[in-house]
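Take a look at the structure set out below.
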Amino acid sequence: MSAKLTLDGREVLFEEGETIYEIARRSKKDVPTLCYDDRLDPLGACRLCVVELEGARNPVASCTTMATDGMVVRTSTEAIEKHRKTLTELVVSENPRGVEIDPLRGMASQELALLAVRYEADGSRFEGATSGRSRKDDPNPMILRDYDQCISCYRCVRVCAEQEGDYAISVENRGFQTRITTEFAGFLEDSACTFCGQCVQTCPTGALGDLRALQNADVPGEIEKTRSICPYCGVGCSVDILSKDDKLVGVQPAMDGPANEGALCVKGQFAWEWVQHDDRLKTPLVRKDGELVPASWDEAFERAAEGFRGVEAKHGRHAIYAVASGRAPHESAYSVQKFVRAGFGTNYIDNCSRA
Amino acid sequence: MPTDQDLLERWKDEPAPLLPLLHAFHERDSYLSDDALRVVSKGLRIPLADLYGTVTFYHHFSRVEGGRGRPRVCDGPICKLKGADTLLAELDGATAMPCAGRCDDPIPVLVEDRYMVGTPGSELAETPAPMPTPNPGEREECCFAHIRAEGRATLAGYRDTGGYRALARAVQEQTPGDVLDVVDASGLAGRGGAGFPTGRKWRAVADAPGEPKTIVCNADEGEPGCFKDRVLMDYDPHAVLEGMALAAYATGATRGFIYLRYEYPHTQAILERAIAEATEAGLLGQGILGTGFSFLIYVRRGAGAYICGEETSLLNSLEGKHPFPRNRPPYPVTHGYEDLPTAVNNVETLASVPQILDRGADWYRSLGEGEHAGTKIISLSGDVLRPGNYEVPIGLPLETLLFEWAGGPPPGRSIQAVTMAGLSGGFVRDLDVTLDEPCLRGRGSFLGAGGIMVFDDSRDMIEVARQAMSFFAHESCGKCFPCRIGTQRLTERLAGEAGPRNADVWRAEVHDIGHTMAAVSACGLGIAAPLITESLLRDFPDAVNAHLENGR
């Protein structure tokens, strides 16, 4: 790093190609944003990240301004904070007042609410028409489209195009009539959407929400996050398992997951309800006279061992092949391969996740 | 009737194909159907959701069967004064469109590609646009010097009055550097409103790496109260083409686009005929005048969006993308059309260039008043006796234009205020100003593209301001928050539809919104729009108080 700029009176070294916002953030400056997601090309829409740049007539959006050697930048002045407050008040005025956004809607869903607290924007200024139009008619069971809360930051549109490559959602109309839409303003299931849920997780207002998780909105208790790896396939996406007490209430992608960087697919994001499903087996079953009937663990193990031994005796150890389920915990997957490799001495072991 | 495939084959391998292909379907079907969009999406490989969204951005693309045949009636600020609302009610199925660039004529009505004018209770007539009146100040002109000559719009007529002389000399005797030097020395600056020195822009394109380079003629004249580019293209199209060719020679560009606003269909025909004539005569196309210099010009018609007059929105529109303005830097001179070096110049700027090269930089500089270089076309409309286009020396006193050249207000009336830069410069009440940027910027306004609308003492300035802000709200692209929300909130407050009832709180809200919009908006639209409310608060405090007492 050879170039340097002055940030709030202190010299900071930077790499060519860094934006002022990136430098400010790693220098622990609390520059607010609403349209920023560091996985996406900066758009410069919300203008909250404006900073004073010496020599520039107006404040500049730090997210879209490349740092150049010798710049003198101030991230928080009275004038800048006043603009941020006005902008926050304006954006809060776009949505109906006083709606609680459940954190289960999505991982970024509290961004606007927190900003409103920071700038004391309670919706009392700039009263007028609201801009969002919710799509309560969309029958899909996974993604809530509560556009009454939408602030047209375009993060959903951009994540769908730039990260997922689906281009399923886009921008309709202009100005205050701008709406987030799909082809011909239809339902998600009739569009190119793959229900990966990335739009949900980047939405800063909860306008897009995780309907599966929201089924647990009324479950009492604090949300706890447990870092894990999605078991469904071999990519190894990092996830945070959301729970309240002992109940699994949702899954969120990990932004710092090395394999996924915040991405998931429809299965990883939305298909976890079977964990607590009523139809799940709770006891082993063995077949008697062609019928599966509940049995004790001892009886089941005995029957299984008998079968394996019989095959091994008749056809040799390589006649045994095991496939572990992607829906089983990682610990079980480990045990199965240990059992097959160490127990039978064969490498014929696989997992349905190796897709 | 052409098939989907015919239309696709006609356009898919042409440069900037999306807009003309959409227009082709729009014309054939009289609207843009879902099926048409599916064909275009597949044929041009544009995601369907993106294409759908982009089509809805433009207000002249109809998505309703038969929509293209329904009358669009101009309800711009001046047409409102002439009874646009009554005319709208008279015409079956008519809807309003923002200023259609003919404020010196009766009210424009667009039906398909027929551009007519009329007033309530009268027949609509398809008449040519008014020619600039004979120069009333008897001051030497640049752009209008020959425009009134018979047949100037034809190649023969243009050449009879010295046309293409500058281009011939440039390509046969001068280097591109020579051309750049003359344009630099002339002091010519962008006449579309931003006022960037033309020579510097061209030099930046000439020096930028990457090919092919492009010249874009910005003919998306969308500013209410501006109708100067139309008259130049209608009556002097070859001057625009010659200016583009000179720009291409100076910068090394090989392709050019004229991005023409939707509302000028007749102008498209004039330009295309002029391009065909010039190409036939070896003045455009491959190997111009027997030299190695080649330059092709394509006309692309917009579809109704003021923001596409902003150069980076225009480039996105040409490229078939959603027409949001781009973040700058990088600027179009290095990353323009298809991310390659591009000069985007206004019609008037380009039309000035042949004269400047023909008659010299010193001649052009001397046309201005005092220290000011050159001329500016002013589109003057509203409450004056002789509205129209006037080419004025830069630095001319506004009062000279209003009272001596244009005859002043109607008898018995006085001028209450004028707008500057169409609507973008807000209101100017003190008429003791000169028509140049230093003077006008010193008064919190700017000359911009040169539209001046005059309002006499019978006009309700709050209502004029409301219409102006409603225009900006209608045309805000929706990308940046301060403009998207701010124009809406200001409109509501001027209309008395929403906002605080306490006068001091009202003023504080209007001022805070305007202040933040002007400081942090992403492009010129949001930066300029609050000049309307700022000048209203400054110059018409009594009208504001009355507005707040009645109603709000």
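The values are calculated or read from the model by the stated rules, or taken from the named source; none is laboratory data. None of these values were measured; they are calculated from a predicted model. Neighbour counts run over all protein chains shown; Cβ positions are idealised from the backbone, glycine included.
Here are the numbers for this structure:
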{"read-out": "Set A:109, A:152: member being assigned to a loop (DSSP other than H, G, I, E, B), under 24 Å from residue B:306 (Cα atoms) and modelled with pLDDT of 95 or more", "value": "A:152"}
{"read-out": "Candidate set from the range A:177-198 (those that are within 21 Å of the chain's Cα centre (by Cα) and β-branched (Val, Ile, Thr)); member that is farthest from the other protein chains (Cβ to nearest Cβ)", "value": "A:194"}
{"read-out": "Answer from B:501, B:538, B:507 - the residue that is surrounded by fewer than 21 Cβ atoms within 10 Å (Cβ to Cβ), more than 8 Å from chain A (Cβ to nearest Cβ) and outside any helix (DSSP H, G or I)", "value": "B:501"}
{"read-out": "Single unsatisfied condition, residue B:338 versus (1) at negative phi; (2) touching a residue at least 12 places away in the same chain (Cβ under 8 Å); (3) surrounded by fewer than 24 Cβ atoms within 10 Å (Cβ to Cβ)", "value": "(1)"}
{"read-out": "Test result for residue A:67, touching a Phe, Trp or Tyr at 6+ places or on another chain (Cβ under 9 Å) and not β-branched (Val, Ile, Thr)", "value": "yes"}
{"read-out": "Residue list for the range A:21-35, filter: part of a loop (DSSP other than H, G, I, E, B), without any contact (Cβ under 8 Å) to a residue 60 or more places away in the chain and buried (at least 22 other Cβ atoms within 10 Å of the Cβ)", "value": "A:33"}
{"read-out": "Residue in the range A:72-79 that is of a type outside the set (Gly, Ala, Ser), part of a loop (DSSP other than H, G, I, E, B) and either over 28 Å from residue A:225 (Cβ atoms) or in contact (Cβ under 8 Å) with a residue 12 or more places away in the chain (or both) present", "value": "yes"}
{"read-out": "Extreme residue, farthest from residue B:463 (Cα to Cα), among residues of the range B:489-498 that are out of contact with any Pro (no Cβ under 9 Å at 6 or more places or on another chain) and in a helix (DSSP H, G or I)", "value": "B:489"}
{"read-out": "Hey, residue B:463 assigned to a strand (DSSP E or B), of a type in the set (Asp, Glu), more than 14 Å from chain A (Cβ to nearest Cβ) and under 24 Å from residue B:222 (Cα atoms) or not", "value": "no"}
{"read-out": "Top-ranked residue in the range A:147-167 [being buried (at least 23 other Cβ atoms within 10 Å of the Cβ) and either more than 17 Å from the chain's Cα centre (by Cα) or among the polar types (S, T, N, Q) (or both); ranked as farthest from residue A:94 (Cα to Cα)]", "value": "A:152"}
{"read-out": "Among (1) crowded, with 16+ Cβ neighbours inside 10 Å; (2) modelled with pLDDT under 95, the one test that residue A:276 misses", "value": "(1)"}
{"read-out": "Selected residue [of a type in the set (Val, Ile, Thr), closer than 27 Å to residue B:511 by Cβ, more than 10 Å from chain B (Cβ to nearest Cβ) and surrounded by fewer than 20 Cβ atoms within 10 Å (Cβ to Cβ)] from A:6, A:77", "value": "A:77"}
{"read-out": "Top-ranked residue of the range A:84-94 - restricted to ones that are crowded, with 22+ Cβ neighbours inside 10 Å and not aliphatic (A, V, I, L, M), ranked as nearest to residue A:131 (Cα to Cα)", "value": "A:94"}
{"read-out": "Some residue of the range B:61-70 being touching a strand residue (DSSP E or B) at 6+ places or on another chain (Cβ under 7 Å) and more than 14 Å from chain A (Cβ to nearest Cβ)", "value": "yes"}
{"read-out": "Condition met for residue A:114 (in contact (Cβ under 8 Å) with a residue 60 or more places away in the chain and either out of contact with any Gly (no Cβ under 6 Å at 6 or more places or on another chain) or not charged (D, E, K, R) (or both))", "value": "no"}
{"read-out": "Qualifying residues in the range B:31-60 (those that are more than 28 Å from residue A:159 (Cβ to Cβ) and in contact (Cβ under 8 Å) with a residue 60 or more places away in the chain) - the one farthest from the other protein chains (Cβ to nearest Cβ)", "value": "B:60"}
{"read-out": "Residue within the range A:287-303 that is closer than 30 Å to residue A:245 by Cα and in contact with a Cys (Cβ under 7 Å, 6 or more places away or on another chain) present", "value": "no"}
{"read-out": "Neighbours by Cβ (under 9 Å, 6+ apart or cross-chain): first from the range A:160-174, more than 7 Å from every other protein chain (Cβ to nearest Cβ); second part of a loop (DSSP other than H, G, I, E, B) and among the hydroxyl-bearing types (Ser, Thr, Tyr)", "value": "A:160/A:167; A:161/A:167; A:164/A:194; A:166/A:191; A:166/A:194"}
{"read-out": "Whichever residue in the range B:474-487 is part of a helix (DSSP H, G or I) and under 18 Å from the mean Cα position of the chain (by Cα) and, among such residues, is farthest from residue B:527 (Cα to Cα)", "value": "B:474"}
{"read-out": "Residues that are within 7 Å of chain A (Cβ to nearest Cβ) and under 18 Å from residue A:124 (Cβ atoms), drawn from the range B:478-498", "value": "B:485, B:486, B:488, B:489, B:492, B:498"}
{"read-out": "The listed residue being in contact (Cβ under 8 Å) with a residue 24 or more places away in the chain and of a type in the set (A, V, I, L, M, F, W, C), out of B:149, B:94, B:125", "value": "B:94"}
{"read-out": "Residues satisfying the stated conditions in the range B:28-75, i.e. under 23 Å from residue B:87 (Cα atoms), crowded, with 20+ Cβ neighbours inside 10 Å and of a type in the set (Val, Ile, Thr)", "value": "B:73"}
{"read-out": "Complete set of residues in the range B:1-54 that are under 25 Å from residue A:180 (Cα atoms) and among the basic types (Lys, Arg)", "value": "B:38, B:42, B:45"}
{"read-out": "Residue among B:466, B:484 that alone is in contact with a Gly (Cβ under 7 Å, 6 or more places away or on another chain) and either modelled with pLDDT of 95 or more or outside the structural domain of residue B:224 (by TED's automatic domain parsing) (or both)", "value": "B:484"}
{"read-out": "Residue tally, condition under 28 Å from residue A:254 (Cβ atoms) and either surrounded by fewer than 21 Cβ atoms within 10 Å (Cβ to Cβ) or in contact with a helix residue (DSSP H, G or I) (Cβ under 6 Å, 6 or more places away or on another chain) (or both), over the range A:36-63", "value": "10"}
{"read-out": "Qualifying strands (runs of 3 or more DSSP E) (wholly inside the range B:252-366; at least 1 residues being over 20 Å from the mean Cα position of the chain (by Cα) and among the hydroxyl-bearing types (Ser, Thr, Tyr))", "value": "B:253-260"}
{"read-out": "Check on residue B:132, within 22 Å of residue B:265 (Cα to Cα) and not in a helix (DSSP H, G or I)", "value": "yes"}
{"read-out": "Residue ID - surrounded by the most Cβ atoms within 10 Å (Cβ to Cβ), chosen from residues in the range A:100-146 that are among the hydroxyl-bearing types (Ser, Thr, Tyr) and away from every other protein chain (no Cβ under 14 Å)", "value": "A:109"}
